């Protein structure tokens with residue numbers, strides 16, 4: 001996709017995509033999806049979807065930033081009726097959560113509509129409305145988590161999408177890593 005966002009702000013598209021996935025799952029599949037920082041979508045504490053972004057570097061300077069494409073990869077477990085034993089407690093699917101499959105094309109259409117709306121808001125209004133909605137849907141916020149050895153209470157997101165962890169009265173920014181709850185890894 002092409003975006004008017006500066007390349008440095010493109011990672012915020014993953015938050016818009018996560019919100020879109022959660023909203024589409026609620027609308028089409030009637031499941032309560034929650035968001036795990038930085039890029040997972042959970043249902044009942046198990047991963048149902050994930051988001052990855054890739055942008056080609058404009059190091060040559062031959063293209064303006066808005067012409068540099070970003071690939072938004074979204075994977076949603078829709079029809080899996082079982083998972084290997086090592087994944088069974090970590091992953092889920094739409095069919096396992098609501099007892100029925102949903103038409104993938106309908107889910108895709110609704111997901112793309114939601115993503116287009118949140119992407120447009122991100123480009124026009126900045127990260128604030130996306131962050132506000134992400135926080136409403138967040139599973140991570142309010143939990144004790146560990147990210148790459150750093151432990152603390154997840155208290156929010158900053159204006160760049162960094163996770164804010166509070167420990168011993170201090171707040172730290174975490175810009176990358178995998179958040180695991182104190183009870184164990186929920187990846």
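Just so you know, all these numbers are worked out from the coordinates, no wet-lab data involved. Here the structure is a predicted model, which is why all the values come from computation and not from measurement.
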Worksheet item: Once the principal axes of the Cα atoms of the chain are found, what is the range along each, listed largest first in whole angstroms?
Response: 49, 48, 27
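Evaluate the Kirkwood expression for the hydrodynamic radius of the stretch 141-187, namely the inverse of the mean inverse distance over all pairs of different C-alpha atoms, and round to one decimal in Å.
10.5 Å
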Practice prompt. Quick one, can you get me the convex hull of the C-alpha atoms of the stretch 87-183 expressed as volume per residue in Å³?
Written response: 132 Å³
